[in-house]
Amino acid sequence: MTPNANNISLLGIKLYRKVKCDQAHTQKHYILGKLIRYKENERHCWDLTILGIKVLYYNKKCLKFFYIPIWKFNWRKKWLDKLQSQIDPKYDDIYLLRHNIGETTVELMLLKERIKANKSQKPLLIVWNKKNIGYYKMFVKDIVDMQYIKLHQFDVMSVFSEKMGDYKEVILKQNNQRFICSTPQVADYMLEYNINNFYAYIRDCSRIPENAIPNLPVVSEQTKANVIQIMQKLGLHNKFVIIAPEANSLVKLPSEFWQDIMVQLKKQGYDIFMNAYHSACGVDYVKTDRLSLEELFGLAQKSERIITLGSGLAVLLALAQVPMDIIYTEFADKKIGYTATQAIEKYSVFHLPMVKKENITEYNIDTATLDDIKKAILLKL
């Protein structure tokens, strides 16, 4: 017998095989070749197929036997019941944020005003991703109680689906508590409704007045101490630039573009910290580390400059009030289909109040070549 995590064979016959489909977040389990197949995904859907015939199928709404529904579920209520069982009943309004860094940064900036708009008496903010606890605290530590409860983003998206609340924030009532989730599908709806300002759109969807004063992030003393230790560990001197070449939403730039900039930075006497999970860019003198968002923000406040691809992270780092160069390309997700021009129009950090616009230059790959952008950045060193 030859066992491992994904395969079990006996005398050359495959008894069991597991196949992962990362893009669909799906796992397929095969028993006795393809005689029996069990498929499951992170969306809590699964099916059991025998000899090519789907015997059982579950999709959160019902369980089917040979395509015939035999058991129906109110999955939304079941999910809310489980969440509510972990929350103290003293809280009247429970806030959940569904988005990634860019939109979430705006939601955190406006949370105090949002609580006022909803007339929440005893609000609670749920943090469903453990790594975001410190990030949330930078904005709302003294504004609202926080509780970490591990949830999956897809479940949050499903329970508070856009059908429940159109494009506004979604409010579900259950057992004398309100569960309030941020507006869905910001990028999609801005195209559909021809809206050109992501900050104002999120604000308006939560019924917050236009003159509302946003909260800016405050780095804790402990995080400041951590940042100093990180700089000492990396040998990062005070004259340094942060390079952030990655963005989940935008098409990436060639590594040669970043390499040329970093070579010139080094010649000018700058240290370089690169915030990247996938891009090494082939430059050995670059310093990097896996930092939390609050540590990265604290490090950004100490930097001479930030050079970044347009991203949610750029939205957060724009609040660090240091010089920035932000480059916008087209959306990687072709279903949404933003051009670079639409991306910079709708997601420009200049839409954020209290940002020092004189510190920031934004570049549109639709209207400028990479060589022009590179020259403009290097002229500022």
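The values are calculated or read from the model by the stated rules, or taken from the named source; none is laboratory data. Keep in mind that this is a model prediction, so the values were computed, not measured. Here the Cβ is made from the backbone with ideal geometry for all residues, glycine too, and neighbour counts use every protein chain on show.
Scanning the range 108-132 for residues that are in contact with a helix residue (DSSP H, G or I) (Cβ under 9 Å, 6 or more places away or on another chain) and more than 18 Å from ILE208 (Cα to Cα) yields ILE126, VAL127, TRP128, ASN129, LYS131, ASN132.
Scanning the range 143-158 for residues that are modelled with pLDDT of 90 or more and either over 24 Å from PRO214 (Cβ atoms) or over 16 Å from the mean Cα position of the chain (by Cα) (or both) returns ILE143, VAL144, ASP145, MET146, GLN147, TYR148, ILE149, LYS150, LEU151. Candidates are the residues of the range 289-306 that are part of a loop (DSSP other than H, G, I, E, B) and farther than 19 Å from ASP325 by Cβ; the one that is farthest from the chain's Cα centre (by Cα) is ASP289.
Scanning the range 88-107 for residues that are closer than 16 Å to TYR201 by Cβ, part of a helix (DSSP H, G or I), in contact with a helix residue (DSSP H, G or I) (Cβ under 7 Å, 6 or more places away or on another chain) and not small (Gly, Ala, Ser) yields GLU103, THR105, VAL106, GLU107. Looking across the range 49-87, not a single residue is of a type outside the set (D, E, K, R), closer than 21 Å to PRO184 by Cα and not in a helix (DSSP H, G or I).
Summed over the range 316-331, residues that are modelled with pLDDT of 95 or more and touching a Leu at 6+ places or on another chain (Cβ under 8 Å) total 10.
Scanning the range 232-259 for residues that are within 15 Å of ASP325 (Cα to Cα) and over 27 Å from the mean Cα position of the chain (by Cα) gives no hits. Going by the structure shown, is ALA368 without any contact (Cβ under 8 Å) to a residue 12 or more places away in the chain, out of contact with any His (no Cβ under 8 Å at 6 or more places or on another chain), surrounded by fewer than 16 Cβ atoms within 10 Å (Cβ to Cβ) and assigned to a loop (DSSP other than H, G, I, E, B)? Considered against the rule, which asks whether it is without any contact (Cβ under 8 Å) to a residue 12 or more places away in the chain, out of contact with any His (no Cβ under 8 Å at 6 or more places or on another chain), surrounded by fewer than 16 Cβ atoms within 10 Å (Cβ to Cβ) and assigned to a loop (DSSP other than H, G, I, E, B), ALA368 comes out as yes. For the range 325-341, check the following and say yes or no: at least one residue is assigned to a helix (DSSP H, G or I), out of contact with any Gly (no Cβ under 8 Å at 6 or more places or on another chain) and under 19 Å from VAL186 (Cα atoms). Within the range 325-341, one or more residues are assigned to a helix (DSSP H, G or I), out of contact with any Gly (no Cβ under 8 Å at 6 or more places or on another chain) and under 19 Å from VAL186 (Cα atoms).
Return yes or no: is SER303 hydroxyl-bearing (Ser, Thr, Tyr) and either surrounded by fewer than 21 Cβ atoms within 10 Å (Cβ to Cβ) or within 30 Å of ILE195 (Cβ to Cβ) (or both)?
On the way: hydroxyl-bearing (Ser, Thr, Tyr): yes; either surrounded by fewer than 21 Cβ atoms within 10 Å (Cβ to Cβ) or within 30 Å of ILE195 (Cβ to Cβ) (or both): no.
Criteria not met by SER303.
With respect to the conditions (1) surrounded by fewer than 17 Cβ atoms within 10 Å (Cβ to Cβ); (2) over 30 Å from GLY298 (Cβ atoms), ASP155 falls short on a single one, namely (1). Going through (1) closer than 21 Å to VAL241 by Cα; (2) under 24 Å from the mean Cα position of the chain (by Cα); (3) surrounded by fewer than 16 Cβ atoms within 10 Å (Cβ to Cβ) one by one, LYS380 falls short only on (2). Just one residue in the set ILE171, ILE195, ILE133 is modelled with pLDDT of 90 or more and closer than 30 Å to GLU246 by Cβ; that residue is ILE133.
Being out of contact with any Phe, Trp or Tyr (no Cβ under 9 Å at 6 or more places or on another chain), in contact (Cβ under 8 Å) with a residue 40 or more places away in the chain and surrounded by fewer than 17 Cβ atoms within 10 Å (Cβ to Cβ) holds for only one residue in ASN194, ASN176, and it is ASN176.
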